[in-house]
1. Report yes if some residue within the range 55-70 is out of contact with any helix residue (DSSP H, G or I) (no Cβ under 6 Å at 6 or more places or on another chain) and under 28 Å from residue 165 (Cα atoms); otherwise report no.
2. Of the conditions (1) touching a residue at least 60 places away in the same chain (Cβ under 8 Å); (2) within 14 Å of the chain's Cα centre (by Cα); (3) in a helix (DSSP H, G or I), residue 51 fails just one. Which one is it?
3. Could you check residue 93 against (1) touching a residue at least 60 places away in the same chain (Cβ under 8 Å); (2) under 16 Å from the mean Cα position of the chain (by Cα) and say which number it fails?
4. Suppose we filter 114, 158 for residues that are surrounded by 17 or more Cβ atoms within 10 Å (Cβ to Cβ), more than 23 Å from residue 84 (Cα to Cα), in contact with a helix residue (DSSP H, G or I) (Cβ under 7 Å, 6 or more places away or on another chain) and at pLDDT 95 or above; which single one remains?
5. Regarding residue 57, is this residue surrounded by 16 or more Cβ atoms within 10 Å (Cβ to Cβ), out of contact with any strand residue (DSSP E or B) (no Cβ under 9 Å at 6 or more places or on another chain), at pLDDT 95 or above and at negative phi?
6. Return the only residue of 141, 85 being farther than 18 Å from residue 36 by Cα, surrounded by fewer than 17 Cβ atoms within 10 Å (Cβ to Cβ) and either without any contact (Cβ under 8 Å) to a residue 24 or more places away in the chain or touching a helix residue (DSSP H, G or I) at 6+ places or on another chain (Cβ under 8 Å) (or both).
7. Could you tell me which of the residues 41, 4 is within 15 Å of the chain's Cα centre (by Cα) and not in a helix (DSSP H, G or I)?
8. Looking at the range 22-37, is at least one residue modelled with pLDDT of 95 or more, over 20 Å from residue 139 (Cα atoms) and either in contact with a strand residue (DSSP E or B) (Cβ under 6 Å, 6 or more places away or on another chain) or buried (at least 19 other Cβ atoms within 10 Å of the Cβ) (or both)?
């Protein structure tokens, strides 16, 4: 369904399990950044009422996910750590075309967002199927469904506002590029690391 070219090695979960606190902090900030991204899309394209409405809903849901992860952290007797740089996201963002017409940049930003949601969905699936902690297994299975919905929302919006741009072709280019990026990761206890 997601079309990712390079699946996550399930052994990544072994790395995650060595430092659950780290993955939870990283995950919390991924949710915060997803909410921020939705808001930045509103600022970038306020002239599209349905995009604005969908991004408001998405930002609220992402903040709810942030809260859920934060509650898990507290329940485990810990505190939210400091934000980490997400090298995967930064590298993926370099593929977004800049200096083009706003419509082209908007499509790329929506596809960039879809790609992150697709990879997060895939990582949540791998976690839910392989992590020994039953509470986290259920938690990540539930979030996986939400991430899949976000992924399809961004793809639909990209197609709606493409204005002549071949979104399917550009999405394939994103998938190919993302495979080269993710190949460098999967060795740290972070959602994209």
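1. Taking every residue of the range 55-70 in turn, at least one turns out to be out of contact with any helix residue (DSSP H, G or I) (no Cβ under 6 Å at 6 or more places or on another chain) and under 28 Å from residue 165 (Cα atoms).
2. Unmet for residue 51, out of (1) touching a residue at least 60 places away in the same chain (Cβ under 8 Å); (2) within 14 Å of the chain's Cα centre (by Cα); (3) in a helix (DSSP H, G or I): (2).
3. (1)
4. Residue meeting the stated conditions: 158.
5. no
6. Just a single option satisfies the conditions, and that option is 141.
7. 4
8. Checked the range 22-37: at least one residue is modelled with pLDDT of 95 or more, over 20 Å from residue 139 (Cα atoms) and either in contact with a strand residue (DSSP E or B) (Cβ under 6 Å, 6 or more places away or on another chain) or buried (at least 19 other Cβ atoms within 10 Å of the Cβ) (or both).
The values are calculated or read from the model by the stated rules, or taken from the named source; none is laboratory data. Since the structure is predicted, the reported quantities are computational estimates derived from the model, not experimental observations. Cβ atoms come from the backbone with ideal geometry, glycine included; neighbour counts cover every protein chain shown.
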